[in-house]
1. Would you list, by chain and number, the aspartates and glutamates whose Cα falls below 19 Å from the Cα of K49, excluding same-chain residues fewer than 8 positions away?
2. Would you mind checking the tilt of helix 2-21 against the longest principal axis of the Cα atoms of the chain, expressed as 0 to 90 degrees and rounded to 10?
3. Could you list L78, L168 in order of exposure, starting from the residue whose Cβ has the fewest other Cβ atoms within 10 Å?
4. Can you work out ³J(HN,Hα) from phi for every residue in region 76-92, in order, using Karplus 6.51 cos²θ - 1.76 cosθ + 1.60 and θ = phi - 60°, giving whole Hz and x for Gly and Pro?
5. With θ set to phi - 60°, apply the Karplus curve 6.51 cos²θ - 1.76 cosθ + 1.60 along region 214-221 and write out the HN-Hα couplings as whole Hz, x wherever there is a Gly or Pro.
6. Please give the net charge around A230, taking every other residue with its beta carbon less than 9 angstrom from that of A230, where Lys and Arg add +1 and Asp and Glu add -1.
7. Report the Cα centroid-to-centroid distance between region 181-222 and region 122-167 in angstrom, as an integer.
8. Just in region 94-175: which trypsin sites (Lys or Arg not before Pro) are loop by DSSP and have at most 13 other Cβ atoms within 10 Å?
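A short reminder: the numbers here are calculations on the coordinates, not readings from a lab. In this text the structure is predicted, and so the values were computed from the model without any measurement. Using ideal geometry, Cβ is built from the backbone for each residue, glycine included, and neighbour counts are taken over all protein chains shown.
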Amino acid sequence: MKRILLLLLVFVLGGKLFAQDDNKIVISGQVTDFEGNPIDSCAVILMQKNFNPAKMTFSDKTGHYKLQEVEKGRYIALLAIRLNEHPLSKRMFGIEPLTAENLRLEFWAWNVVADRDLTINPRYDRLELYGFRVFEVIGGSPFLMAYVRPMSMGKFLENGDIEDISPLKDDIQFQLFADKEPLAVRSVQTIEEYTGKNGKSQTAFIIQFDRPEKVTGDRCIFRIEATHKAFGGEKGENLFFHEWINYK
């Protein structure tokens, strides 16, 4: 009888432990450049609202990283960059930045839906694609829209001004994917985004593109890649976790 009670106790406690584990997931992947070379010592930061860090780790010598014991939920973003690669690393992190030719701008994944184990493989270079977001225009054309605000390292180093370092429309090319499915870009338009700082504005882009045909389920991960033809061909990439709206 005692043995049976002991087994029942182990079963109950074990069930509670497994229930707790069900509330945690792992985010892992490999950080590389756009030639596939691994980037070691890269900070990978999962952020809550207001950009407060929820989890942080660093990539190993092969570029691999793992964020463990991540509480399930929706996170505003995941960021990846070596801390000393950012041109403002002194102000942001208290670290002296690298020389100009070795500086880069960060990778972002937005609206990270952490409801299961995730693989995110950041790639970054000298073009930051900030604020990438996909949305549907209900009642309009049967396409999707994306917002993004690119920022060029070359323009920053040339102008020394971070207020508006977006590439010119004719100098940037966008590609969009739903998971691995390529999506045709139908139109690209610039907008002047008011910042509220001394009446200044920043240049952002609205991109119209095809809906995916191969995606199933209630969400998909959209990826945007961009190439800035100026300054030697700067590249950038972002992800956005999109959840489809199911109207009655």
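1. Those aspartates and glutamates meeting the cut-off are E69, E71, E106, D115, E243.
2. Helix 2-21 and the main axis of the chain meet at about 10 degrees.
3. L168, L78
4. For region 76-92, the Karplus-derived couplings read 5, 6, 10, 10, 9, 5, 5, 4, 8, 8, 6, x, 9, 5, 5, 6, 7 Hz, x marking Gly and Pro.
5. Once rounded to whole Hz, the list reads 9, 7, 10, x, 8, 7, 8, 9.
6. Once all neighbours under 9 Å are counted, the net charge is 0.
7. Using only Cα atoms to place each centre, the spacing works out to 8 Å.
8. Passing sites in region 94-175 are R116.
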